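Inspection log for the structure reproduced underneath, given as structure tokens.
A short reminder: the numbers here are calculations on the coordinates, not readings from a lab. As the structure is a prediction and not an experimental result, all values here were calculated from the model. Note: ideal-geometry Cβ built from the backbone for every residue, glycine included; neighbour counts use all protein chains shown.
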Amino acid sequence: MIFGLPWWVLVMIICIVISGYMAVRAIQAERSLEQAFIEREGNVYMDRIEAARHDKEEGRQRQQNVN
């Protein structure tokens with residue numbers, strides 16, 4: 001008995017603390033993965049918008065050349 005507690009109670013407390021630490025690490029890793037995914041998808045979206053803007057300008061120039 002340590003601090004008036006059986007050894008298995010201390011082992012359980014240590015396991016709970018370790019489990020909490022691992023949960024915090026997992027949450028942080030998931031947040032970073034999610035942020036990377038959001039940034040990647042945002043870049044794809046911005047590229048699509050830029051391509052549409054370029055196509056629209058190109059269409060305007062063609063129309064001006066025809067007139």
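With the convex hull constructed from alpha-carbon coordinates only, the chain shows a mean projected area of 5.1 nm² over all directions. Rounded to the nearest 500, the 222 nm mean residue ellipticity of the chain from helices alone is -34000 deg cm²/dmol, with -39,500 (n - 2.57) taken per DSSP H run of at least 4 residues. Using the Karplus relation 6.51 cos²θ - 1.76 cosθ + 1.60 with θ = phi - 60°, the per-residue 3J(HN,Hα) values for region 30-38 come to 5, 4, 5, 5, 5, 5, 5, 5, 4 Hz, with x marking Gly and Pro. Under the combined filter of DSSP loop state and at most 14 neighbouring Cβ atoms within 10 Å, region 1-51 retains these chymotrypsin sites (Phe, Trp or Tyr not before Pro): F3.
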